[in-house]
1. Quick one: helix B:2-48 against the long Cα principal axis of chain B, what's the angle to the nearest 10°, folded into 0 to 90?
2. Quote the Stokes-Einstein diffusion coefficient, in whole µm² s⁻¹, for chain B, based on the Kirkwood radius over alpha carbon pairs, a temperature of 37 °C and a viscosity of 0.692 mPa s.
3. Determine which residues of the stretch A:218-247 fall in the zone a paramagnetic label at B:S13 would reach in this model, i.e. backbone nitrogen under 14 Å from the point 7 Å along Cα→Cβ.
4. Between B:S34 and A:E90, what is the FRET efficiency for a Förster distance of 60 Å, r being their Cβ-Cβ separation, to the nearest 0.05?
5. Expressed as a whole number of Å, what is the distance separating the alpha-carbon centroids of the stretch A:259-299 and the stretch A:317-349?
6. At what distance in nm do the modelled label points of A:K2 and A:Y21 sit from each other, each positioned 7 Å from its Cα along Cα→Cβ?
7. Quick one: Kirkwood hydrodynamic radius for the stretch A:175-256, alpha-carbon pairs, angstrom, one decimal?
Amino acid sequence: MKRLGLVLTLVSAILIMATTYLAIFYAPLPGTSVKSIDEVLPSIEGTTVKVSGFVTNFTVHLPDALDVPTRYTFSLADFEDYARYLAATEAGNLSEQWWTIRPIDVGYSMGGWLPSGLNFTIHDCSNISVTADVVLRVIGPNSAVTGCSLAIVENVEIGPQGGFSTMTAPIAQKIFYFHMPSAWVSYVAFFLTLVGSVLYLRSRNARYDRLAMASAELGVLFATIAIATGPIWAKEEWGVYWRWDDTKLVTTFVMWLVYVGYLSLRAAISEPGTRNRVSAVYGIVGFVTMPMSLLSSRIAPLLRSSHPEVIASSSGSLSAEAGIAVGVAVVAFTVLFAAMLIKRVEVAEAEDELEELKREIGGE
Amino acid sequence: MSDSWTALYAAYSIVWLGVFAYLSYLFLRQRRISKDISSLKEEVARRVKPGN
């Protein structure tokens, strides 16, 4: 078992290094076939991206020093359309309506809180930073929307008549290749905690308690990694680190808290029999948070969630290369988890032996 | 774009540091427990020796 653990550790280290390489150099930027933003910039300079919709909370950042001339024009839609949009939102029939966009040219004006359709004439993407909450419909050819739109449109909600969803931070998106497998492994770990807890209650065999405890500890570790890396990506993608109105984020955080509670509970009870029994019951009850987190964005589509689905729908948007990178990453993290689980169980056995020896000496 | 690279490196660092920190903790803990076990075993052996 010890040798198996070492072999798995070695294999997972190699696979994780491979994942790092694949994520950075092999997987293309989301929504494109290119692997570096540098490939995109020359091809889109001078193109016009046309997008219609309403924009709220719209800000544009222009750097002080640009190394190339940059010019933008914006067409803002009529306020009446926005009033109708708000009314439709309030009435709850947003998906049944659409609007006529009546553009008003405002030249270089920007900022404020305005409904709008946008026309960007792009001369250089590298120094532009635009953030907006948008309900969008693409008017222009899709080809014009790739690349630079990744950098200029944020917080996209799909419009009622089609639309598009895109990544605003294509580089930071590569965090996905570590973020998702970490979350996946934490789900597997918490499932094993459930299995170990059930088996312990049925057999009272301490080996199953050790499995449950080791899985929970590793689950918390990987969930912590997922929860720590997610906000870094979210900041780039959404402009904020965390959204308390996002079901996926909140249910995952609750799941993490529940399993931190599991470990705290174990630490608080010193008598082994009571500790194992109570924590097994807790491990079974606490498991309800795992499917809540895993499936939150699928089983609660009416609730707000900007988080991508963990289990993709049949028309997954990953390219073949990205799929390979994700596949390798998931295998790497699963193997790493197995190696760490073997090691943690080994340590737990030693802990139990030590406890037993202490009792033996103390009882004399 | 440079900010995105910073974010990417920060996230990857968290992953690597998290995993290595935990593995180091496990190995150190195991070493300490093994040491405690062997000293306790010696203690037990000493106590059960005839004449003690």
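Values quoted throughout were computed directly from the atomic coordinates according to the rules given, and no laboratory measurement underlies them. If you're wondering where the values come from, they're calculated on a predicted model, not measured in any experiment. Ideal geometry is used to build each Cβ from the backbone, glycine not excepted, and the neighbour counts take in all protein chains shown.
1. 0 degrees
2. Details: Rh = 14.6 Å.
Roughly 226 µm²/s, to the nearest whole number.
3. Backbone N within reach: A:229, A:232.
4. Working from the Cβ atoms, E equals 0.35.
5. Taking the Cα centre of the stretch A:259-299 as reference, the centre of the stretch A:317-349 is 23 Å away.
6. 3.2 nm
7. Result for the stretch A:175-256, one decimal place: 13.6 Å.
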